[in-house]
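The values are calculated or read from the model by the stated rules, or taken from the named source; none is laboratory data. Quantities reported herein were computed from a predicted structural model and do not represent experimental measurements. Every residue, glycine among them, receives a Cβ derived from its backbone with ideal geometry; neighbour counts consider all protein chains shown. All accessible areas refer to the heavy atoms of the entire protein, side chains included, with ligands and DNA or RNA removed. Shrake-Rupley method; radii C 1.70, N 1.55, O 1.52, S 1.80 Å.
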Amino acid sequence: MKTLGGAGALLATGGVGAVSAKRDGARGGDSLVDLAIDLNEGQFDVLIAALQANPGVLDTLDGKGQYTVFAPTDAAFDDAGFTESNADEVPANVLTYHVTPGRRYSESVLGAPRLPTLNGAFIEQDGGVLNGGQAAITDTDYEASNGVLHVIDGVLLP
């Protein structure tokens, strides 16, 4: 599991240039759902299938509000026992636990020890490690018209 080196640290794989490029390349009219589909390249198939099976969550992330999504990769879902074929079994409260209100870039996320989620619970954050090791942030600051997406390597459980 990759971790971040401190509250102001950037990922070793991203660096300052990668984060700036992601921000400068704001996605115009693309929603967070569109962004996940565009970034997919085989890494968000389960997330997309789970969102499609939960229309209320899908509508929220495709809507006009501003949100931050901690997006588990397919490998993370697989480790939690979910694949595309059973993505409809991912509960809505687990999906909404990966979403915080507002547009939160990596600096904001790393500066907060607790992040509120749409399901009413909190994500604990320490140096990019979430909930004491349930997941780590592996890539950051992908912009959509209605928020920001950060890639994580685990599924967060409320």
Hey, any hits in the range 119-135 for a residue that's among the charged types (D, E, K, R), free of Cβ contacts under 8 Å to residues at least 24 places away in the same chain and more than 17 Å from ASP30 (Cβ to Cβ)? yes
Select from the range 90-109 the residues that are part of a strand (DSSP E or B) and in contact with a helix residue (DSSP H, G or I) (Cβ under 8 Å, 6 or more places away or on another chain) and list them in ascending order. VAL99
Kindly indicate whether any position in the range 147-158 is of a type in the set (Gly, Ala, Ser), in contact with a Lys or Arg (Cβ under 7 Å, 6 or more places away or on another chain) and either in contact (Cβ under 8 Å) with a residue 12 or more places away in the chain or surrounded by fewer than 22 Cβ atoms within 10 Å (Cβ to Cβ) (or both). yes
Only one residue in ALA76, ALA50, ALA87 is of a type outside the set (Phe, Trp, Tyr), surrounded by fewer than 22 Cβ atoms within 10 Å (Cβ to Cβ), on the phi < 0 side of the Ramachandran plot and outside any loop (DSSP other than H, G, I, E, B). Which one? ALA87
Which of the residues spanning the range 59-72 are out of contact with any strand residue (DSSP E or B) (no Cβ under 9 Å at 6 or more places or on another chain) and under 18 Å from TYR142 (Cα atoms)? ASP62, GLY63, LYS64
Flagged in the range 32-45 as open to solvent by 10 Å² or more (accessible area, probe 1.4 Å) and in a helix (DSSP H, G or I), in numbering order, are VAL33, ASP34, ILE37, ASP38, LEU39, ASP45
Counting only residues that are touching a Ser or Thr at 6+ places or on another chain (Cβ under 6 Å) and open to solvent by less than 50 Å² (accessible area, probe 1.4 Å), the range 58-73 contains a total of 1
Can you pull out every residue in the range 141-158 that is of a type outside the set (Val, Ile, Thr) and part of a strand (DSSP E or B)? ASP141, TYR142, GLU143, ALA144, GLY147, LEU149, HIS150
Among the residues of the range 45-99, what is the count of those that are among the aromatic types (Phe, Trp, Tyr) and modelled with pLDDT under 95? 0
I'd like the full set of residues that are among the β-branched types (Val, Ile, Thr) and open to solvent by 10 Å² or more (accessible area, probe 1.4 Å), limited to the range 128-139. VAL129, THR138
